[in-house]
1. Give the residues of the stretch 139-165 that are in a helix (DSSP H, G or I) and of a type outside the set (G, A, S), sorted by residue number.
2. Between residues in the stretch 41-62 that are under 13 Å from A117 (Cα atoms) and residues that are among the polar types (S, T, N, Q) and not in a helix (DSSP H, G or I), which pairs lie under 9 Å by C-beta distance while being six or more apart or on different chains?
3. What are the residue pairs meeting all of these: first residue in the stretch 149-177, first residue aromatic (F, W, Y), second residue surrounded by fewer than 12 Cβ atoms within 10 Å (Cβ to Cβ), Cβ atoms under 9 Å, and 6 or more apart or on different chains?
4. Does F135 fit the bill of being assigned to a helix (DSSP H, G or I), surrounded by fewer than 17 Cβ atoms within 10 Å (Cβ to Cβ) and touching a residue at least 60 places away in the same chain (Cβ under 8 Å)?
5. On the basis of being touching a Lys or Arg at 6+ places or on another chain (Cβ under 7 Å), within 20 Å of Y167 (Cα to Cα), modelled with pLDDT of 95 or more and not hydrophobic (A, V, I, L, M, F, W, C), does S99 make the cut?
Amino acid sequence: MMLGGSRMFFPETRPYVEGDGVYLREPQMSDYKEWAALRGESRSFLEPWEPRWAKDELSRETYRRRIRYYYRDARQDVGYAFFLFRSSDNALIGGLTLSNIRRGVSQSCSLGYWTGAPHARQGYMTKGVQSVIWFVFDVLRLHRLEAACLPENKPSAALLVRTGFQYEGLARRYLKINGVWQDHWLFALLNDDPLP
């Protein structure tokens with residue numbers, strides 16, 4: 001199925017999205033070594049923007065629990081996790097999550113993402129977010145996609161604006177990042193908003 005330049009597949013009922021030089025698929029246990037290596041080498045780059053890392057953050061057992069959590073959320077249609085890969089060499093670039101899917105009168109969800117340090121600011125996550133937008137609106141049929149970032153995270157805010165999100169305001173002490181409740185800028189994209 002073509003989705004505005006992205007293609008969507010459900011091999012064995014698991015979502016897979018092809019984008020412009022990248023693809024998104026559900027994390028698997030076989031990704032553990034590459035994921036742990038990329039996250040480990042990117043730790044100092046990622047920690048300022050994420051919840052505090054657990055002592056066993058990169059252990060195989062913690063990763064296994066994470067995978068079970070992702071699969072459960074997808075089965076229940078309350079969240080979807082993707083790893084972002086470069087198409088040319090299948091290198092893991094980062095990850096995107098769609099969480100807190102709300103049906104009924106809301107029809108919305110929240111977007112989170114991370115990029116490994118070696119791949120930052122090369123346009124891969126922009127392509128990943130563009131691809132996941134199609135999944136949210138054309139496959140999940142949601143009305144609203146929300147995202148938040150720390151005000152000092154200018155690259156993340158620029159990525160959101162670049163992919164069509166609109167700034168909606170400041171949420172005080174919105175998320176606990178690296179152990180501290182911090183203010184966040186709120187962004188949203190609606191299914192009928194013009195895309196760049």
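The values are calculated or read from the model by the stated rules, or taken from the named source; none is laboratory data. Quantities reported herein were computed from a predicted structural model and do not represent experimental measurements. Positions of Cβ are backbone-derived with ideal geometry, glycine not excepted, and every protein chain shown enters the neighbour counts.
1. Once the filter is applied, which keeps residues that are in a helix (DSSP H, G or I) and of a type outside the set (G, A, S), the stretch 139-165 yields V139, K154, P155, L159, L160, V161, R162.
2. Sorted first by the residue in the stretch 41-62, then by its partner, the pairs are S42/T115; F45/T115; L46/T115; E47/N178; P48/N153; P48/N178; W49/N153; W49/N178.
3. Going by the 9 Å Cβ cut-off, the qualifying pairs are Y174/W181.
4. No; evaluated as a whole, the condition is false for this residue.
5. For S99, the condition - touching a Lys or Arg at 6+ places or on another chain (Cβ under 7 Å), within 20 Å of Y167 (Cα to Cα), modelled with pLDDT of 95 or more and not hydrophobic (A, V, I, L, M, F, W, C) - is not met.
For every residue, the table says whether it meets (1) in contact with an Asp or Glu (Cβ under 7 Å, 6 or more places away or on another chain); (2) hydroxyl-bearing (S, T, Y); (3) surrounded by 19 or more Cβ atoms within 10 Å (Cβ to Cβ).
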site: R86; (1), (2), (3): no, no, no
site: D89; (1), (2), (3): no, no, no
site: L96; (1), (2), (3): no, no, yes
site: S99; (1), (2), (3): no, yes, no
site: R102; (1), (2), (3): no, no, no
site: Q107; (1), (2), (3): no, no, no
site: S110; (1), (2), (3): yes, yes, no
site: A117; (1), (2), (3): yes, no, no
site: V129; (1), (2), (3): no, no, yes
